[in-house]
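What follows is a short report on a single structure.
The values are calculated or read from the model by the stated rules, or taken from the named source; none is laboratory data. What you see is a predicted model; the values in this text were computed from it and never measured. Counting neighbours? That spans all protein chains shown, and the Cβs are built from the backbone with ideal geometry, glycine included. The protein model used for the area step is the full one, side chains on, heavy atoms only, and it has no ligands, DNA or RNA in it. Shrake-Rupley method; radii C 1.70, N 1.55, O 1.52, S 1.80 Å.
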Amino acid sequence: MDGDTLFTIGDLARRTGLTVKTIRFYSDTGIVPPTDRSPAGYRLYDVGALTRLDLVRTLRDLGLDLGIIRQLLDREVSVPEVAAAHADALEVQIRTLRLRRAVLRAVAKRGSSPEEMDLMHKLAKLSDNERRRLITDFIDDTFGGLDANADFVNMMRSAMPELPDDPEPEQVDAWVELAELTQDPDFRAAVRRMAQYQAAERAQSDHTGLHHDLTETVRDSVGRAIDAGIAPASAEAAPVIDALTARYAQTFSRADDADLRRWLLTRLEVAGDPRAERYWHLLAVINGWPVPPSLAPVFTWFTQALRAGTGQPSRVE
């Protein structure tokens, strides 16, 4: 191409695919100024202007605004600087679009109302810090001012919802349910009662912390009883309960008697709200952790068996 060739706006439009109106706007704003004018006063552009116009179109296609484009063309900022800043901005946009997609898929799955969809969208848009603050406020409200089980409270504070950048609809659904659950006054009151019970136990010198091994023992023993079809109120349940109460007596340094069984029944009833287990289940789904099988059937059986008993060990000492 001859470097001395000059083009009209119409020529540029045909070569670039841009409209005459758009090219005139770029010319008027000084982004692609004319090289010369014809004797009749029409704008003329050289090859450099054509190249500049192609670059402007490319930068616009990448989403850069005209202010940044002008700075680039005038060498006020470098291409790497603009590329890095724009990539960061696109990351935010991509994350937002992924969240919207996940919300829409969750809405389609749930058949949500417009109000529920609005709530889901607002909750899904919360930042990581905002999500943590919502859960932290819940923990502070339910455990605040009480000397509850420190290991349990620390476990709750360390388990925060971490919604991924590209969540599955199930994760969005779980986060919305968790947020709603933590704002439920009835659930908050139930957790507060549990915290008060823990504080009362600590006041009675119970500083034993968490008891994962004991939970595993209950799950294994009661699970076998359930699999064997043993009813909690049956005579066959008595040896299972005897073995478990003996384990609790050993763990808590208490006598294995009627008082222990009444104490254990109260302990199970206080901690037996199924929403508490649901809380941990939802956290696992949100964070992509393995979701453990529910212990509700096991501890329901254990509670019913204790309640059905006479209160005294059935074995002969």
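Observations
- Accessible area of segment 180-238 belonging to carbon and sulfur atoms, whole % at 1.4 Å probe: 50 percent
- Radius 13 Å from Cβ of R262, net charge of other residues (Lys, Arg +1; Asp, Glu -1): 0
- Ordering Y45, A83, Q71 by Cα displacement along the dipole of segment 34-103 toward the positive end leaves A83 in first place; charges were set at the Cβ atoms of Lys, Arg (+1) and Asp, Glu (-1).
- With θ taken as phi - 60° and the Karplus curve 6.51 cos²θ - 1.76 cosθ + 1.60 applied, the whole-hertz 3J(HN,Hα) list for segment 49-64 is 5, 5, 5, 4, 5, 4, 5, 4, 4, 4, 5, 5, 4, 7, x, 6 Hz, x standing for glycine and proline.
- Sites R133 and S113 - FRET efficiency at Förster radius 25 Å, r taken between beta-carbons, to 0.05: 0.40
- Taken over the C-alpha atoms, segment 98-204 has Rg and Dmax values of 16.1, 52 angstrom.
- In segment 32-73, the C-alpha radius of gyration followed by the widest Cα-Cα span (Dmax) gives 12.2, 37 angstrom.
- Rotationally averaged projected area of segment 78-154 (alpha carbon convex hull; nm²): 8.8 nm²
- Note that segment 175-182 has calculated 3J(HN,Hα) couplings of 5, 4, 5, 5, 4, 5, 4, 6 Hz, one per residue in order, obtained from phi through the Karplus relation 6.51 cos²θ - 1.76 cosθ + 1.60 (θ = phi - 60°); glycine and proline are x.
- The residues of the chain present an accessible area of 56 Å² per residue when probed at 1.4 Å with all protein chains retained.
- Distance between the C-alpha centres of segment 207-280 and segment 53-69: 68 Å, rounded to the whole angstrom.
- Secondary-structure-derived ellipticity at 222 nm for the chain, considering helices only, amounts to -21500 deg cm²/dmol, per-run term -39500 (n - 2.57) for DSSP H runs with n ≥ 4.
- Panel values: segment 4-56, Kirkwood radius from alpha carbon pairs, Stokes-Einstein at 20 °C and 1.002 mPa s, translational diffusion coefficient 200 µm²/s.
- At q = 0.23, 0.26, 0.29 Å⁻¹, base-10 log of I(q)/I(0) for segment 221-286 (Debye sum, equal scatterers on each alpha carbon): -1.04, -1.09, -1.14
- Computed over protein heavy atoms with a 1.4 Å probe, the carbon and sulfur contribution to the accessible area of segment 45-126 reaches 57%.
- Modelled FRET efficiency - R0 51 Å, A246 with E168, Cβ distances, 0.05 increments: 0.70
- Working ranking of peptides 217-223, 205-211 by packing, defined as the average number of other Cβ atoms within 10 Å per residue, highest first, is 217-223, 205-211.
- Compactness of segment 127-272, taken as the C-alpha radius of gyration over 2.2 N^0.38 Å, stands at 1.27.
- Percentage of interatomic Cα-Cα distances in the chain larger than 34 Å: 53 percent
- Rounded FRET efficiency, nearest 0.05, which uses the C-beta distance separating A296 from R100 and R0 of 30 Å: 0.30
- Taking amide H positions as modeled 1.01 Å from N, with prolines and chain starts lacking one, the residues under 5 Å from L44 and 5 or more places away or on another chain are T35, D36, R37, S38.
- Compared with the rule-of-thumb size 2.2 N^0.38 Å for a compact globular protein, segment 32-117 has a Cα radius of gyration ratio of 1.78.
- With Rh defined as the Kirkwood radius, the inverse of the mean 1/r over Cα pairs, the Rg/Rh of segment 1-152 is 1.30.
- For segment 163-218, the spread of Cα positions along the three principal axes, ordered from largest to smallest, is 47, 30, 20 Å.
- GNM top mover of Y42, Y197, Y248 - the chain, alpha-carbon springs below 10 Å: Y42
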